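**Q** The structure's right below; bear with me while I get my questions together.
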Amino acid sequence: MTTFSYTKFLAFAVWFTLLCKNRLTMQESGVGTCPGGRSRGSNGVLGQGSGGACVRILVTGAAGFIGSHLAEQLAALGHDVVGLDCVTDYYSPELKLANARALRSHGIETLRADLAEDDLSEAVDGAEVIYHLAALPGLSGATFEEYERNNVIATQRLLAAVRPSTSMRLFVNAATSSIYGKDATGDEEAAPRPASWYGVTKLAAEQLVLAAFRDSGFPGCSFRLFSVYGPRERPEKLYPRLIHSILTGELFTLYEGSEYHERSFTYVGDIVAGLLTPLTVRERCVGEIFNLGIESAITTGDGIHIVEQIIGRRARIERRPARPGEQSRTRANIAKARAILGYEPSTPPAVGLAETVRWYRDEILMQRVP
Ligand SMILES: NC(=O)c1ccc[n+]([C@@H]2O[C@H](COP(=O)([O-])OP(=O)(O)OC[C@H]3O[C@@H](n4cnc5c(N)ncnc54)[C@H](O)[C@@H]3O)[C@@H](O)[C@H]2O)c1
């Protein structure tokens, strides 16, 4: 066996073992499952509270990267899941439509609605839990008005639609480590110092959710996610660009100095596992902020090296000036999530990246998805 295929085999074996272990753990512990649902469990707190029926859950941003994984996992746990997404063209709508088709094959319909301007009454009607992931993410060439529209106005309109609802039990907001700014290593009490329009508008969105809690006990909470990667990842992000470049022989753009940036690169499965926790410990989450991510950070240079090893080829790097607003260090401090929610992300980068390479090669390049 060559070094290349041995590395791949090893990564696959570790990944497969972890996958089986994670599935088993979830089923055994009954995390957030519904009695009578497709996947039965005994301690789905919200499920019990709603008279044994499945919980009706709305996932905004369901056609996106993280939202689609979350919606699928919620449905697998037996919940009645509906997605909402307006399919922005921030990146290829084809990718989002493919995600929506995958959701449909799991029995999840995605309503096409724009949180920033459409009537949301039908979408939120009867929802007991809302996961709010719709946003304009990342650093891009978008204007401030676009960030404000999709992150602040969208969140404000969703809250306005849902606050009068009597069925609402839990509202989970997806926030970001970008709220902390250039150095995202502190705990949830650290002062927010966002250095980008993205970070500023996501902080405003988070505060809108928490203001509703402070004002009237609205059952909102917020999770700050750290550098999420995995299958269906947004195409403009580091790993899809890198994997594409190595597999096709094209140049890979590396922003000046970024190989030394530290990142808590966190596998999407570990993020979804954290987002599920409020379903079972709702009362410990409402009004709170939690960091979600893997504690052990690696440099972007290390990440590039791992992918090169998995594929067995070097990237052809083209350097570009540093991007404004880029974080220099993210290291998820998850002491609070571990103590209160029992959160324990476990996927090592070599395992998660091997799965990401497999996805990109088999489902994007081979299928010629744009
Ligand atoms: N990916 C990461 O590394 C990361 C890290 C931290 C936080 N987050 C947060 O997680 C969430 C999901 O991020 P992602 O990486 O999956 O992004 P994504 O772009 O893949 O998903 C976001 C989805 O929201 C939809 N959307 C945007 N504006 C909308 C609007 N006005 N109305 C309805 N739908 C709208 C988009 O069409 C898209 O499908 C975001 O809130 C993001 O800020 C992501």
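The values are calculated or read from the model by the stated rules, or taken from the named source; none is laboratory data. All values reported here derive from a predicted model rather than from experimental measurement. Using ideal geometry, Cβ is built from the backbone for each residue, glycine included, and neighbour counts are taken over all protein chains shown.
**Q** What tally of residues in the stretch 314-370 results from selecting those that are assigned to a loop (DSSP other than H, G, I, E, B), touching a residue at least 60 places away in the same chain (Cβ under 8 Å), out of contact with any Phe, Trp or Tyr (no Cβ under 9 Å at 6 or more places or on another chain) and surrounded by fewer than 16 Cβ atoms within 10 Å (Cβ to Cβ)? Don't jump to the end; show me each part of the working.
**A** Of all residues in the stretch 314-370, those assigned to a loop (DSSP other than H, G, I, E, B) come to 314-315, 321-328, 331-334, 342-348, 366-370.
Going one step further and asking which of them are touching a residue at least 60 places away in the same chain (Cβ under 8 Å), we end up with 314-315, 321-328, 331-333, 342-343, 345-348, 369-370.
Next cut, out of contact with any Phe, Trp or Tyr (no Cβ under 9 Å at 6 or more places or on another chain) only: 314, 324, 333, 342, 369-370.
Subset that is surrounded by fewer than 16 Cβ atoms within 10 Å (Cβ to Cβ): 314, 324, 342, 369-370.
Final tally of qualifying residues: 5.
**Q** For the stretch 240-256, indicate whether the set of residues that are of a type in the set (Gly, Ala, Ser), surrounded by fewer than 22 Cβ atoms within 10 Å (Cβ to Cβ), touching a helix residue (DSSP H, G or I) at 6+ places or on another chain (Cβ under 9 Å) and in contact (Cβ under 8 Å) with a residue 12 or more places away in the chain is non-empty. Quick ask: steps written out before the conclusion?
**A** Pass one, the stretch 240-256, residues of a type in the set (Gly, Ala, Ser): 245, 249.
Next cut, surrounded by fewer than 22 Cβ atoms within 10 Å (Cβ to Cβ) only: 245, 249.
From what's left, touching a helix residue (DSSP H, G or I) at 6+ places or on another chain (Cβ under 9 Å): none.
For the stretch 240-256, residues of a type in the set (Gly, Ala, Ser), surrounded by fewer than 22 Cβ atoms within 10 Å (Cβ to Cβ), touching a helix residue (DSSP H, G or I) at 6+ places or on another chain (Cβ under 9 Å) and in contact (Cβ under 8 Å) with a residue 12 or more places away in the chain: absent.
**Q** Among the helices (runs of 4 or more DSSP H) lying completely within the stretch 62-154, list those that include at least 2 residues that are under 20 Å from Asn173 (Cβ atoms) and touching a residue at least 60 places away in the same chain (Cβ under 8 Å). Before the answer, list the steps.
**A** Details: elements: 65-76, 93-105, 121-124, 144-147.
By residue number, 65-76, 121-124.
For every residue, the table says whether it meets (1) under 29 Å from Tyr90 (Cα atoms); (2) of a type in the set (A, V, I, L, M); (3) crowded, with 21+ Cβ neighbours inside 10 Å.
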| position | (1), (2), (3) |
| --- | --- |
| Ile179 | yes, yes, yes |
| Ala190 | no, yes, no |
| Gly199 | yes, no, yes |
| Gly220 | yes, no, yes |
| Tyr229 | yes, no, yes |
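**Q** State whether the residues of the stretch 127-137 include one that is buried (at least 20 other Cβ atoms within 10 Å of the Cβ), away from the ligand (no atom under 11 Å from the Cβ) and under 23 Å from Ile364 (Cα atoms).
**A** So far as the stretch 127-137 goes, no, none of its residues is buried (at least 20 other Cβ atoms within 10 Å of the Cβ), away from the ligand (no atom under 11 Å from the Cβ) and under 23 Å from Ile364 (Cα atoms).
**Q** Separate question: What's the total number of residues in the stretch 83-124 that are away from the ligand (no atom under 11 Å from the Cβ) and in contact with a helix residue (DSSP H, G or I) (Cβ under 9 Å, 6 or more places away or on another chain)? Give the steps one after another, and end with the answer.
**A** So in the stretch 83-124, the residues away from the ligand (no atom under 11 Å from the Cβ) come out as 94, 98, 101-109, 119, 121-122, 124.
In the following step, the residues that additionally are in contact with a helix residue (DSSP H, G or I) (Cβ under 9 Å, 6 or more places away or on another chain) were identified as 98, 102-103, 106-109, 119, 121, 124.
Qualifying residue count, the stretch 83-124: 10.
**Q** Among the residues that make up the stretch 259-277, is at least one of them of a type in the set (Asp, Glu), assigned to a helix (DSSP H, G or I), more than 21 Å from Phe171 (Cβ to Cβ) and touching a residue at least 60 places away in the same chain (Cβ under 8 Å)? Can you show your working first?
**A** Start the filter on the stretch 259-277 by keeping residues that are of a type in the set (Asp, Glu), which leaves 259, 262, 270.
Retained after the next criterion (residues that are assigned to a helix (DSSP H, G or I)): 259, 270.
Pick out the ones that are also more than 21 Å from Phe171 (Cβ to Cβ) and you get 259, 270.
Next, only the ones that are touching a residue at least 60 places away in the same chain (Cβ under 8 Å) stay: 270.
Among the residues of the stretch 259-277, at least one is of a type in the set (Asp, Glu), assigned to a helix (DSSP H, G or I), more than 21 Å from Phe171 (Cβ to Cβ) and touching a residue at least 60 places away in the same chain (Cβ under 8 Å), which makes the answer yes.
**Q** What number of residues within the stretch 190-218 are in contact with a strand residue (DSSP E or B) (Cβ under 8 Å, 6 or more places away or on another chain) and touching a residue at least 40 places away in the same chain (Cβ under 8 Å)?
**A** 10
**Q** Need the failing condition index for Ser167 against (1) within 14 Å of the ligand (Cβ to nearest atom); (2) modelled with pLDDT under 95; (3) over 18 Å from the mean Cα position of the chain (by Cα), just the number.
**A** (1)
**Q** Here is a further query. Can you name every residue in the stretch 157-177 that is assigned to a helix (DSSP H, G or I) and surrounded by 16 or more Cβ atoms within 10 Å (Cβ to Cβ)? Spell out how you get there, then give the answer.
**A** So in the stretch 157-177, the residues assigned to a helix (DSSP H, G or I) come out as 157-162, 177.
Once the filter is applied, which keeps residues that are assigned to a helix (DSSP H, G or I) and surrounded by 16 or more Cβ atoms within 10 Å (Cβ to Cβ), the stretch 157-177 yields Arg157, Leu158, Leu159, Ala161, Val162, Ser177.
**Q** Further question: Given the criterion closer than 17 Å to Tyr131 by Cα and modelled with pLDDT of 95 or more, identify the matching residue among Phe290, Phe252. Explain how you work it out, then say what you get.
**A** Values: Phe252 fails: closer than 17 Å to Tyr131 by Cα.
The match here is Phe290.
**Q** Cβ-Cβ under 8 Å, sequence separation 6+ or interchain: first residue in the stretch 174-189 and within 25 Å of Leu58 (Cα to Cα), partner part of a strand (DSSP E or B) and away from the ligand (no atom under 11 Å from the Cβ). Which pairs?
**A** Matching pairs, first to second residue: Ala175/Ile289.
**Q** Basic (Lys, Arg), within 14 Å of the ligand (Cβ to nearest atom) and farther than 23 Å from Val357 by Cβ, is that true of Lys202? Give the steps one after another, and end with the answer.
**A** Values: basic (Lys, Arg): yes; within 14 Å of the ligand (Cβ to nearest atom): yes; farther than 23 Å from Val357 by Cβ: yes.
So Lys202 passes the test.
**Q** Could you list all residues from the stretch 207-242 that are at negative phi and away from the ligand (no atom under 16 Å from the Cβ)?
**A** Of all residues in the stretch 207-242, those at negative phi come to 207-216, 218-226, 228-229, 231, 233-242.
Residues satisfying the conditions are Ala211, Ala212, Phe213, Arg214, Asp215, Ser216, Phe218, Pro219.
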